[in-house]
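Since every read-out is calculated from the coordinates, none of them should be taken as a lab result. All figures in this text were calculated on a predicted structure; none of them were measured in a lab. Cβ placement follows ideal geometry from the backbone for every residue including glycine, while neighbour counts extend to all protein chains displayed.
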Amino acid sequence: MTTTTREGIIAREVPPEVATFLDSLSTIPWLSRVGKPIPGDARQVRTWAEGRAYQLKDAWTNASFADGIDSAHPAWDAGYDCALRIVSSLPANHTFKDGVSVADGVAFDVAAAASALAHGRIDDFFLTTIIEWYRRGHWPCGWSGHYPDGRLVVY
């Protein structure tokens, strides 16, 4: 099966629900509320640099890979490419001193969500929590504590 999303990403062997998810990415107000107050119990950081520091911590890596993400599924590549294309073109996309951009992290998160969706895990952490923060215009960038204890870090 070959599906082309509205964003022009050609996704081979991607289930229709993943294609629908990828199409919805163009409606997200990516990074539009970064730095603005956040609701809920997430820990808020105040700068890109502080967010990047949390992103590099082992706690975020552990949270990111806790559910055995399948990066070999075609949905992974489709999600990554689509998000990278959208977010890297935004003025709000920030590039850090090490050359990595926020768009790279966003693309990873979207790829993980697409992969989870392809495997029928609709209650997956990335689909239910991370993508929701992006929909709110923020950047979920880390984990405070030892996953699953602790809380999400958001800019």
Looking at (1) among the polar types (S, T, N, Q); (2) buried (at least 17 other Cβ atoms within 10 Å of the Cβ); (3) without any contact (Cβ under 8 Å) to a residue 24 or more places away in the chain, find the lone condition where S144 falls short. (3)
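Going by what's in this entry, would A112 be described as aliphatic (A, V, I, L, M), over 22 Å from L56 (Cα atoms) and either without any contact (Cβ under 8 Å) to a residue 12 or more places away in the chain or part of a helix (DSSP H, G or I) (or both)?
Working: aliphatic (A, V, I, L, M): yes; over 22 Å from L56 (Cα atoms): no; either without any contact (Cβ under 8 Å) to a residue 12 or more places away in the chain or part of a helix (DSSP H, G or I) (or both): yes.
So A112 does not fit the description; no.
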Quick check on my filter: what residues within the stretch 78-95 are more than 20 Å from R33 (Cβ to Cβ) and either without any contact (Cβ under 8 Å) to a residue 60 or more places away in the chain or outside any helix (DSSP H, G or I) (or both)? Y80, L84
Step by step: first the residues of the stretch 95-122, then only those that are β-branched (V, I, T) and buried (at least 17 other Cβ atoms within 10 Å of the Cβ), then the one that is farthest from the chain's Cα centre (by Cα). Which residue is that? V102
Out of D123, D149, I need the residue that is among the acidic types (D, E), outside any helix (DSSP H, G or I) and within 19 Å of L25 (Cα to Cα). Which one? D123
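Counting only residues that are out of contact with any Leu (no Cβ under 9 Å at 6 or more places or on another chain) and surrounded by 15 or more Cβ atoms within 10 Å (Cβ to Cβ), which one in the stretch 58-69 is farthest from R151 (Cα to Cα)?
Of the stretch 58-69, the ones out of contact with any Leu (no Cβ under 9 Å at 6 or more places or on another chain) are 58-62, 64-69.
Cutting the leftovers down to surrounded by 15 or more Cβ atoms within 10 Å (Cβ to Cβ) gives us 59-60, 64, 67, 69.
Working: A59: 10, W60: 10, S64: 13, D67: 17, I69: 20 Å.
Looking at the filtered set, the residue picked out is I69.
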The stretch 30-57, residues that are aliphatic (A, V, I, L, M) and touching a Leu at 6+ places or on another chain (Cβ under 8 Å): L31, A42
Some residue of the stretch 96-106 being outside any helix (DSSP H, G or I) and on the phi > 0 side of the Ramachandran plot: yes
